[in-house]
Every structure is written in structure tokens, then in C-alpha cells.
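One structure is given below, encoded as C-alpha cells.
The values are calculated or read from the model by the stated rules, or taken from the named source; none is laboratory data. In this text the structure is predicted, and so the values were computed from the model without any measurement. Heads up, the Cβs are rebuilt from the backbone with ideal geometry, glycines too, and the neighbour counts pull from every protein chain shown.
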Amino acid sequence: MPRRRPRPQPDGSPAATWTAPEQAGAFGGFIGPRNLVSLVQGTAPYLFDGSAPAFAAPPPTPPGRLDALAPGPLGWWSILRAADRLETAAEPTPEQLTDYFALCVAAHFATVATFVPTDVDTKIRAHLWWRRPPEELARQRRVALATAAWDITGVSARVVDVDPEVGRVSGHDGERLSILCGGALGHLAAGEADGLAELEAAIDAELARQAEAFARLARAPGRERDLLVAAASIVHNAGDVDQGLSASWGKPLLRAPAGARLRERFGRLAHEGPRRYGGAFARAATLYRELLASEGHRHYPLRETRLLRAHPALLLPVGPFFDDWGATLASWPPWSAPERAEALAAVVHGVRKVKGQEGYYRALAGFDRVRRLDASDLQPHLPSGVRAELKDPTLRKKVAVRRESFESSLFKRARALVGR
């Protein structure tokens, strides 16, 4: 199916203005850059069309290679806007592969917290680090390290601000760690000891920062919600480290002394790490396992509802804390009654499909607080099955639980687990 042409930018400049799709595997066997950018446009259109104020003023994109645009808080956006510099190539050069790596990292950063992330994980933490010329490997390393300064404002609602010293903790930190770990294996394979040491130091510093963030929140009365959000993030981030160290071509390397050091230092922190990083990842894993595991699904029931992709204010936070998100769905100004009913139906579909979760019920509770679930303007636009589901006694009982009661009970359990 042909891709639609993206709308012009507010400054009149183009942003990846390709119109024709590429064949599968068009870029050396990988998804072509045109198709990759079109996927980003599909799941986060506000990055390109000027509809969200946060992205209405495009960043500068000076001439040059894509990887050179990576530094700075908006490096990822600069790369996406300049993506048409990278031509489709059946047999890409080493330089083109580096720029493709930068584009994949930027696309992943922009979409990983959206409803439909781009599927480039294994490329940026495995395939594109393998057998690279030293100069290009160094350029990729600089891109990977530059992501530490990239601003997630507007691309994720799954974040907690700990304090000015420690900063933010989010799932994006894990994505960055997985890239750094893949890069460490790539440098190990290439015998680039200095680059490996730089990446290893960056991984250690980031894990130590996250551990300190968890420890500070665990000591802070009244911040149980932030503690749980951070726990969910850093447990997943530890899993991302494991993924970054799991490239099939890297397994022999992990048996060598330097690779074994990486595995023993950073691997399986949420499973076998009670003494590493002050035990923060193991403690977070206990919280996650006992209180949040059922909320860690991928929200597939919401992926087909394109309305939810329209604005960064609609991005999903960490579950089960969806009350405010549900209230936003109930009051989002641009939507008509049929559109609001469509969003409501998507959440009800999630209730049906994902057993054991509480987040979608909390979204319905937040929605009901602002606009009743049985509102007369919505009912004609809801499928009969959804209308029946909204009358289900179990659903009504859960929706009736006040947010304060739900969260108070959860926070008491969290505090008891942390205090053990």
C-alpha cells in the first residue's frame, strides 16, 4: 500500500518527503529508510505535522551525515527530519550503514513508548554492531553515547522525575542500555579495547544512577507511586541489558574473559543481583513481581485505534496508573462523540483481552469520573458487545473503586515489601 506524503513542516521545510514505498529488505536486507520513517509517521504523526506545540519548531539540521546530527537534546528529531539524506541501497556502504544505525536509533527513541513501536530492536543492539570498520564503529559509539542527552519530553509518559541530582528514570534508559551493551560486544569482537572501556563505563554509570534513584524513592515517604513507576522501569531496563548481551554472534565472546566480565557485572540484575548496585534491581524486581507484573503487557488491544496516536498527551503511562489517562480520553477536545466512543471501546476491548490487569479498569474509572460511561451521546456509537460489557457487574465494581482507595492499598503493600 502506498504511503501518504507527510504534511509540510511549520517552517515550510520537508521532512522525509519520499512518496513511494520500498521493497522488503531494501536496505541490505533490512527495512528501507523510507519505510522506516513512514512507520514513525504512522505511530507519531505529531513529530512531523506540527499539530503538537512541543514539536512545532523544528530543530536545525545542518548538512552532513546523519550520525553527526545525534548530539544534543533533539538529536533524535534532527536525524528523523533529515532521513531523506539516506538513499535506499541494496548493498549499503559502511558509511551508509552507520547513518542507517543512527536513523534506526532515532526511530526507536521516537516510538518505543508509543502504541506501535518500530521493530528495529535487534538491529540497533546486535546486527548493526557486527563487523564494522574501526572508524564507523567509533561513529556508532558516539551516536549511542549521545542518546544520554536526548530529551524524552513528548515521546514518553512512562517517566518519573526523581530529583534534580539524579534526574529522570524511564524505559528509554533501558533502550539506551541495550544499545550500549550491543556496542560493547561489537567493540569486543573488533578488539577495540578503548571503545569497549568507554561503553562499559557508560553502562556502569547509568545502572548506578538508576539504582540510586530507586534507593532515594524507597527512602522517601509519600512517593510510593513514583517508587512503583521507577521499579517497573528499572526491572524492564535490566531486561534490556540482558537483551543487549544476548546477540547470537556474541555468545562465544561472553565466554572469553572480557565478555564474561560484562556478563557477570551487568547480566541478570533483576534475577541474580542482590549484591550488585546495592541490590536495587533485585528489590525492584520483588515489587514488580508482587504488584505490577500483570501490567507489563504490550497493550496490543490499543494498537489498532489510530485516534490514540494523534498527540503526545495521549501516550500511555505506566500501569496501573491510568486514571488521568482515562480522564483525558473522556475530555480530549478535538474528538467528536463517535471518536470518543471509539477510544472508550478500545479500552473495554483491553479489559476483555488482558486478564489480571487493573490499568484498563482504572482508565475506565478516570473516564467515568469526567464523562459517564453510559453517557447518552456515546451509547449510539458503541458496539453492542461493548455496551453489554460496560454493564458487567465485575467491571462496574472495579470502576466504582475510588482512585484514592485503589492507590492507597497498592502503596501500603509497596511500602511493606520495601521495608522487609
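What do you reckon, is T114 closer than 30 Å to A310 by Cα and touching a helix residue (DSSP H, G or I) at 6+ places or on another chain (Cβ under 7 Å)? Full working, then the answer.
Details: closer than 30 Å to A310 by Cα: yes; touching a helix residue (DSSP H, G or I) at 6+ places or on another chain (Cβ under 7 Å): yes.
So T114 passes the test.
So is R131 without any contact (Cβ under 8 Å) to a residue 40 or more places away in the chain, surrounded by fewer than 24 Cβ atoms within 10 Å (Cβ to Cβ) and of a type outside the set (G, A, S) or not?
No.
Among the numbered conditions (1) in contact (Cβ under 8 Å) with a residue 12 or more places away in the chain; (2) over 17 Å from G244 (Cα atoms), tell me where T93 comes up short.
Result: T93 fails condition (1) only.
I'm trying to understand the selection: among the residues of region 174-209, which are touching a residue at least 60 places away in the same chain (Cβ under 8 Å) and closer than 15 Å to R265 by Cβ?
Correct list: L177, L180, C181, A184, L185, L188, L196, E200, I203, D204, L207, A208.
Please go through region 1-60 and pick out each residue that is under 17 Å from S78 (Cβ atoms), among the hydroxyl-bearing types (S, T, Y) and at pLDDT 90 or above.
Scanning region 1-60 gives a single hit, Y46.
Within region 289-329, work out how many residues are assigned to a helix (DSSP H, G or I) and over 29 Å from K412 (Cβ atoms). Break it down into steps so the answer makes sense when it comes.
Kept after step one, since they are assigned to a helix (DSSP H, G or I), are these residues of region 289-329: 289-295, 300-302, 306-309, 312-314, 323-329.
Among the residues that remain, those that are also over 29 Å from K412 (Cβ atoms) are: 300-302, 306-309, 312-314.
Going through region 289-329 one residue at a time, the tally reaches 10.
Got a sec? Which of L80, L39, L47 is in contact (Cβ under 8 Å) with a residue 40 or more places away in the chain, surrounded by fewer than 23 Cβ atoms within 10 Å (Cβ to Cβ), assigned to a helix (DSSP H, G or I) and within 19 Å of the chain's Cα centre (by Cα)?
Numbers: L80 fails: surrounded by fewer than 23 Cβ atoms within 10 Å (Cβ to Cβ); L47 fails: surrounded by fewer than 23 Cβ atoms within 10 Å (Cβ to Cβ).
Going through L80, L39, L47 in turn, just one is in contact (Cβ under 8 Å) with a residue 40 or more places away in the chain, surrounded by fewer than 23 Cβ atoms within 10 Å (Cβ to Cβ), assigned to a helix (DSSP H, G or I) and within 19 Å of the chain's Cα centre (by Cα): L39.
Of the conditions (1) among the acidic types (D, E); (2) more than 19 Å from E135 (Cβ to Cβ); (3) at pLDDT 95 or above, E95 fails just one. Which one is it?
If we test E95 against (1) among the acidic types (D, E); (2) more than 19 Å from E135 (Cβ to Cβ); (3) at pLDDT 95 or above, just (2) comes out false.
Which helices (runs of 4 or more DSSP H) does region 195-269 wholly contain that include 3 or more residues that are assigned by TED's automatic domain parsing to the domain that holds Y288, aliphatic (A, V, I, L, M) and buried (at least 24 other Cβ atoms within 10 Å of the Cβ)?
Correct list: 224-244.
Tell me which of these E264 doesn't satisfy, since it passes every other one: (1) over 30 Å from K355 (Cβ atoms); (2) acidic (D, E); (3) touching a residue at least 60 places away in the same chain (Cβ under 8 Å).
Unmet condition: (3).
Inside region 354-369, can you point out the residues that are touching a helix residue (DSSP H, G or I) at 6+ places or on another chain (Cβ under 6 Å) and loosely packed, with under 14 Cβ neighbours inside 10 Å?
Of everything in region 354-369, just one residue is touching a helix residue (DSSP H, G or I) at 6+ places or on another chain (Cβ under 6 Å) and loosely packed, with under 14 Cβ neighbours inside 10 Å, namely G356.
Just to verify a result, which residue in region 363-420, among those that are outside any helix (DSSP H, G or I) and aliphatic (A, V, I, L, M), is nearest to T328 (Cα to Cα)?
Only one residue fits best here, namely L373.
Which one of A293, A280 is without any contact (Cβ under 8 Å) to a residue 60 or more places away in the chain and hydrophobic (A, V, I, L, M, F, W, C)?
So the residue among A293, A280 that is without any contact (Cβ under 8 Å) to a residue 60 or more places away in the chain and hydrophobic (A, V, I, L, M, F, W, C) is A293.
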